[in-house]
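The values are calculated or read from the model by the stated rules, or taken from the named source; none is laboratory data. The structure displayed is predicted, hence computed values, not measured ones. Note: ideal-geometry Cβ built from the backbone for every residue, glycine included; neighbour counts use all protein chains shown.
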Amino acid sequence: MDVAIVGIGIHPFGRTPSRSGLQQGAYAAREALKDAGIEWSDVQFAFGGSASSGNADSLGNELGLTGLPFINVANGCATGGSSLMAAYAAIKSGEHDLGLVVGFDKHARGAFNANPADLGLGNWYGEVGLMLTTQFFAMKIQKYMHDYGISNETLARVAEKAFTNGALNPNAWRREPVSAEQVAESMMVNDPLTKFMFCAPGEGGVALIVCRADKAKEYCDTPVYLKSAVLKSRRYGSFEVFAPSQALQQVDGPTVDASRAAFEMAGVGPKDIDVAQLQDTESGAEIMHMAENGFCEHGEQEQLIASGATRIDGSFPVNTDGGCLANGEPIGASGLRQVYENVLQLRGQAGEHQVPGDPKLGYTHVYGAPGISAVTILQR
Amino acid sequence: MSQQVPIAEGLFTWPSTEPALLGSRCQHCGIATFPAAQSCMACSSQDVTVEELPSRGTLWTWTVQQFMPKSPYHSNETPETFKPYGVGYLELPGGVRVEGRLTESDPDKITIGMEMDVVFDTWRTEDNGDEVISFFFKPVDANETGA
């Protein structure tokens, strides 16, 4: 049984002092129900998660207590992707026909401060100042730039594009364009990455209504089909965040593994994809993830990005809603925001940030600590 | 009376005239990891032995931490006295790549591939006067010129 997305809802990302994270999730859920033309009482099951805003199951208090099986999902930055994968399996198995996937969050300002014990690490690792995701991203792109000739200018261009796209997206947090020069000259955070090259923990909520494909048209004139949903964790030898040591022999990371499996499941290849949302925790991540997901060779990004290929009107548009850089990263909602954006794009409803040329296949990719990646391929 | 204490037990040999980082090596597949673990994360074997890791290696990648981390960061610094610090992975021949703080923090003086030594020094001083010892990676040239 194939799986379709027949309703989407979003609470604008950024800062909303008047609403809790949970309320932003409820807002998104009501929007998604409205989009699918159904009532909350029609929903047979739900998967959802947040990292900092409580159990998603508490949404029952906002939406109504209907007795449905509601499963809380917690899987770091891949929480949204994991919820969607679980819902995909629930429908594919024939167990359910119609369900809700929801993610929301509301984080305090500033970088995440992770607890070493949560990851099985000694306290010393945090005490001496190694427990920071930003350092990992900086060290990974530092090595990548050294090996593949990526320049600082390219890092700046990625952020410039994100803010350009964010300015076109009414639900984005950062809606002011920032020039590549301003990006490059902003405060250095972790060399070679400056302040404007990093996304910030933020707020937001996203919800999706999923159903079995043969019933999709009952709810939606323009259903989008989930051709694959894959989650992978790291194998021994991949270079990952929060690693006091790593192997001398490197292997492909979870992004490469998830991407390959997703393409195989969908029966399509990277060249078939019309629009992609790739994890851009910082500028370097978008660059590396272009190659890790199979969309170009390592090093080719330098020329591709300079030529404008990844812009909305380019040959391979990436992060058309402004990505994490312009939307911030509310952990529970972030991966689902990518899916929301691709559904908009495939329906032709993305407004000012709509990709031209009638896109048919969309790709989403999240990556997060301590080395997990989720990929979806969506088809109109 | 104040004394020198390691930041964590089992991370490196201490006390010692020539302290070394302690890793574990899998007796089944041969890979090493740091800090020493009770099983092998490559093959899941529990047949592992603790060994001293080499004291000199080459820098695999690096960054400079420009802002003061939030808790669990624990130093004697205040936001006013905080100084940026280098962080990197040192590739130890025959062993592993170990992550650690660098003694150098000037990005213009740090390059991938440079040789560095593992050194041990006071990280912070506790209220009771105890010196907490940790490990750092120090450029080899700086050692030899005594800088």
inquiry  = Among the residues in the range A:183-190, are any buried (at least 23 other Cβ atoms within 10 Å of the Cβ), within 11 Å of another protein chain (Cβ to nearest Cβ) and closer than 30 Å to B:Gly23 by Cα?
reply    = yes
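Any chance the range A:222-235 includes a residue that's hydroxyl-bearing (Ser, Thr, Tyr), over 27 Å from A:Val375 (Cα atoms) and either touching a residue at least 24 places away in the same chain (Cβ under 8 Å) or in a loop (DSSP other than H, G, I, E, B) (or both)? If you could, list the steps in order and put the result at the bottom.
Residues of the range A:222-235 that are hydroxyl-bearing (Ser, Thr, Tyr), as a first pass: A:222, A:225, A:228, A:233.
Checking the rest, the ones that are also over 27 Å from A:Val375 (Cα atoms) come to none.
There is no residue in the range A:222-235 that is hydroxyl-bearing (Ser, Thr, Tyr), over 27 Å from A:Val375 (Cα atoms) and either touching a residue at least 24 places away in the same chain (Cβ under 8 Å) or in a loop (DSSP other than H, G, I, E, B) (or both).
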note = Of (1) without any contact (Cβ under 8 Å) to a residue 60 or more places away in the chain; (2) part of a helix (DSSP H, G or I); (3) among the small types (Gly, Ala, Ser), A:Gly129 fails just (2)
query = Identify, please: which residue in the range A:89-147 is surrounded by 23 or more Cβ atoms within 10 Å (Cβ to Cβ) and among the small types (Gly, Ala, Ser) and is, among those, farthest from the other protein chains (Cβ to nearest Cβ)?
reply = A:Gly99
request  = Could you look through the range A:234-263, keep only residues that are closer than 30 Å to A:Ala172 by Cα and within 12 Å of chain B (Cβ to nearest Cβ), and pick out the one that is surrounded by the most Cβ atoms within 10 Å (Cβ to Cβ)?
outcome  = A:Val241
request  = Hey, can you tell me all the residues within the range B:57-103 that are more than 8 Å from chain A (Cβ to nearest Cβ), among the hydrophobic types (A, V, I, L, M, F, W, C) and more than 22 Å from B:Asp141 (Cα to Cα)?
outcome  = B:Met68, B:Phe82
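Can you name the residue in the range A:287-312 that is more than 21 Å from the chain's Cα centre (by Cα) and of a type in the set (D, E, K, R) and is also surrounded by the most Cβ atoms within 10 Å (Cβ to Cβ) among such residues? Can you show your working first?
Here is the first cut: in the range A:287-312, the ones more than 21 Å from the chain's Cα centre (by Cα) are A:297-300, A:302-304, A:306-308.
If we keep only those that are of a type in the set (D, E, K, R) as well, we get A:297, A:300, A:302.
Values: A:Glu297: 11, A:Glu300: 15, A:Glu302: 17.
This residue is A:Glu302.
For B:Tyr85, state whether it is closer than 30 Å to A:Ser186 by Cα, free of Cβ contacts under 8 Å to residues at least 24 places away in the same chain and surrounded by 14 or more Cβ atoms within 10 Å (Cβ to Cβ).
Values: closer than 30 Å to A:Ser186 by Cα: yes; free of Cβ contacts under 8 Å to residues at least 24 places away in the same chain: yes; surrounded by 14 or more Cβ atoms within 10 Å (Cβ to Cβ): yes.
Against the criterion (closer than 30 Å to A:Ser186 by Cα, free of Cβ contacts under 8 Å to residues at least 24 places away in the same chain and surrounded by 14 or more Cβ atoms within 10 Å (Cβ to Cβ)), B:Tyr85 qualifies.
Determine whether A:Ala36 is closer than 26 Å to A:Ala350 by Cβ and at pLDDT 95 or above. Don't jump to the end; show me each part of the working.
Working: closer than 26 Å to A:Ala350 by Cβ: yes; at pLDDT 95 or above: yes.
Here the answer is yes, as A:Ala36 does meet what is asked.
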ask   = Which one of the conditions (1) free of Cβ contacts under 8 Å to residues at least 40 places away in the same chain; (2) part of a loop (DSSP other than H, G, I, E, B) does A:Gln303 fail to meet, given that it meets all the rest?
value = (2)
message = Considering only the range B:129-139, I want to know if a residue exists there that is over 18 Å from the mean Cα position of the chain (by Cα) and away from chain A (no Cβ under 12 Å).
response = yes
